[in-house]
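The values are calculated or read from the model by the stated rules, or taken from the named source; none is laboratory data. Please read all numbers here as calculations on a predicted model, not as lab measurements. Reconstructed Cβ throughout: ideal geometry from the backbone, glycine too, with neighbour counts over all protein chains shown.
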Amino acid sequence: MTILICALVSGAAAWALTRFMRHSATSDAPILHSWLHVAVAAVLGGLAGLASSWAEMAVFVVLAVASGLLTVIDFAEERLPDVIVLPLLGITAVLLTVAAWITGEWGSLLRAVIAAAALFVLYFVMMIFSPDLGFADVKLIAIAGLFMGWFGWGAVVMGACLGWVSYAIPGWVRMFRAAKGERGSLPLGPFIILGSVLGVFWAGAFLTW
């Protein structure tokens with residue numbers, strides 16, 4: 001029942017923020033008029049319902065809703081607007097602090113902060129040498145680092161790697177099939193989100209540290 005409630009709350013919140021999402025975009029791409037953001041938020045929100053405490057659930061529901069909005073905007077424009085990313089970074093840090101206070105998981109919070117800082121620095125350095133990596137992606141990986149770091153270093157390593165793997169496969173296909181003169185790249189943001197979710201769930205089976 002908790003899973004269903006979290007899915008419904010996340011989907012409803014994403015639906016309520018539809019107008020805000022479209023105003024945050026700078027184009028009128030068809031995907032912005034789809035309900036993909038609601039579906040993404042509902043699915044990730046349902047997964048948030050698996051959390052062991054209501055405080056963690058609250059963090060993950062917020063991340064689910066924001067992920068739905070950012071996924072659609074990034075696919076539409078290859079852009080992650082600061083009006084969503086920057087508040088999300090602060091809100092995630094605050095809510096995880098509340099979760100640590102309620103659950104006593106201060107070690108998890110410290111690990112999450114270190115993971116976020118480490119991934120931020122790593123991606124910032126990568127951005128210097130890779131023109132396709134934007135600073136918005138660097139900020140998003142810090143948020144993903146907070147999320148993955150809460151669960152363990154295994155989740156951080158696996159999530160970061162799976163983000164690139166999930167990005168590379170369709171990216172290569174699109175690059176080789178793109179028509180001459182057509183841009184063959186894909187936005188990285190949605191795959192950072194996908195990788196972090198897969199990393200958290202798969203690390204429990206493969207990397208338990």
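Structure notes:
- Within the set Leu119, Leu36, Leu110, Leu32, the sole residue that is more than 18 Å from Ser196 (Cβ to Cβ), in the same structural domain as Phe135 (by TED's automatic domain parsing) and either in contact (Cβ under 8 Å) with a residue 60 or more places away in the chain or of a type outside the set (S, T, N, Q) (or both) turns out to be Leu110.
- Unmet criterion (only one of (1) charged (D, E, K, R); (2) touching a helix residue (DSSP H, G or I) at 6+ places or on another chain (Cβ under 8 Å); (3) farther than 24 Å from Met1 by Cα) for Glu56: (3)
- Annotation note: Cβ proximity below 6 Å between a residue of region 136-153 that is within 16 Å of Val121 (Cα to Cα) and a residue that is in a helix (DSSP H, G or I) and of a type in the set (D, E, K, R) (sequence gap 6+ or interchain) occurs for Gly149/Arg111.
- Residue under evaluation Leu119, criteria (1) in contact with a helix residue (DSSP H, G or I) (Cβ under 6 Å, 6 or more places away or on another chain); (2) surrounded by fewer than 24 Cβ atoms within 10 Å (Cβ to Cβ), criterion not met: (2)
- Looking only at region 60-119, and only at residues there that are over 13 Å from the mean Cα position of the chain (by Cα) and outside any helix (DSSP H, G or I), the one that is farthest from Lys139 (Cα to Cα): Gly104
- From the options Ala13, Ala39, residue that is closer than 27 Å to Ser185 by Cβ and small (Gly, Ala, Ser): Ala39
- Verdict on Leu133 being hydrophobic (A, V, I, L, M, F, W, C), part of a helix (DSSP H, G or I) and not assigned by TED's automatic domain parsing to the domain that holds Ala29: no
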